[in-house]
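Undergrad: First the structure, then my questions, so here it is.
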Amino acid sequence: MFESINWETVTGIATILGTFIFGLVGWKLSLQNTKLQQSTLETTYNSFTMLLNKELRDGNGISEDKKLSWVQDYLNTYESICISYIHGDIDKKRFMRTRKYEIVEIVELDDIVFKSLLFPSEISKYDAIWQVYKEIKKNRYV
């Protein structure tokens, strides 16, 4: 029965099948790694923004230099997450669902320190925030 089997063909098929399965496993691990990286990025971002929000909210009587430093850190954090959104490094639907109001609030906030760093948009160093803000407004996400 086994005398008529071409073992070279069977070996070739097994090699191709093994390579295919190994590729699928690698792809799955890569996908899991990407999700883990996204989760880690969002966790770090959430922790940092909660800390900055608390500092800004509780910062009565702080110096203008300290507030400027905190606002810059806050905007830099949002700039980083907006860059990740633009490049597709994070889930875009989830980002819009969880961050759109924060982005609009940052840009439209009536605070002299925020405004001094964000406006005018043409010379602001926070291009990604502005790009995402304009997308939110254009598509009427809020």
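Undergrad: State all residues of segment 85-109 that are out of contact with any Leu (no Cβ under 9 Å at 6 or more places or on another chain) and closer than 17 Å to SER121 by Cβ; if no residue qualifies, say none. Walk me through it before giving the result.
TA: Here is the first cut: in segment 85-109, the residues out of contact with any Leu (no Cβ under 9 Å at 6 or more places or on another chain) are 85-88, 91-105, 108.
Answer for segment 85-109, where residues must be out of contact with any Leu (no Cβ under 9 Å at 6 or more places or on another chain) and closer than 17 Å to SER121 by Cβ: ILE86, ILE103, VAL104, GLU105, GLU108.
Undergrad: What tally of residues in segment 73-119 results from selecting those that are assigned to a loop (DSSP other than H, G, I, E, B) and not acidic (Asp, Glu)?
TA: Qualifying residue count, segment 73-119: 5.
Undergrad: What number of residues within segment 87-107 are touching a residue at least 12 places away in the same chain (Cβ under 8 Å) and either aliphatic (A, V, I, L, M) or within 14 Å of ILE129 (Cα to Cα) (or both)?
TA: 11
Undergrad: Here's something else I'd like to know. Taking the condition more than 27 Å from ILE112 (Cα to Cα), more than 10 Å from the chain's Cα centre (by Cα) and either basic (Lys, Arg) or at pLDDT below 90 (or both), does THR49 pass?
TA: In short, no.
Undergrad: Continuing with the same structure: If you take the residues of segment 52-79 that are in contact with a Phe, Trp or Tyr (Cβ under 9 Å, 6 or more places away or on another chain) and either at pLDDT below 85 or farther than 16 Å from VAL107 by Cβ (or both), which of them is surrounded by the most Cβ atoms within 10 Å (Cβ to Cβ)?
TA: Quick first cut of segment 52-79, residues in contact with a Phe, Trp or Tyr (Cβ under 9 Å, 6 or more places away or on another chain) only: 52-53, 55-56, 59, 62, 71, 73-79.
Checking the rest, the ones that are also either at pLDDT below 85 or farther than 16 Å from VAL107 by Cβ (or both) come to 52-53, 55-56, 59, 62, 73.
Working: LEU52: 19, ASN53: 13, GLU55: 16, LEU56: 17, GLY59: 13, ILE62: 14, ASP73: 16.
Among them, the one singled out is LEU52.
Undergrad: Answer with yes or no whether VAL113 is of a type in the set (Val, Ile, Thr) and buried (at least 19 other Cβ atoms within 10 Å of the Cβ). Give the steps one after another, and end with the answer.
TA: Values: of a type in the set (Val, Ile, Thr): yes; buried (at least 19 other Cβ atoms within 10 Å of the Cβ): no.
So VAL113 fails the test.
Undergrad: Could you tell me how many of the residues in segment 91-142 are of a type in the set (Lys, Arg) and under 16 Å from TRP70 (Cβ atoms)?
TA: Looking only at that region, the number is 1.
The values are calculated or read from the model by the stated rules, or taken from the named source; none is laboratory data. Please read these numbers as outputs of a predicted model, since none were measured by experiment. Positions of Cβ are backbone-derived with ideal geometry, glycine not excepted, and every protein chain shown enters the neighbour counts.
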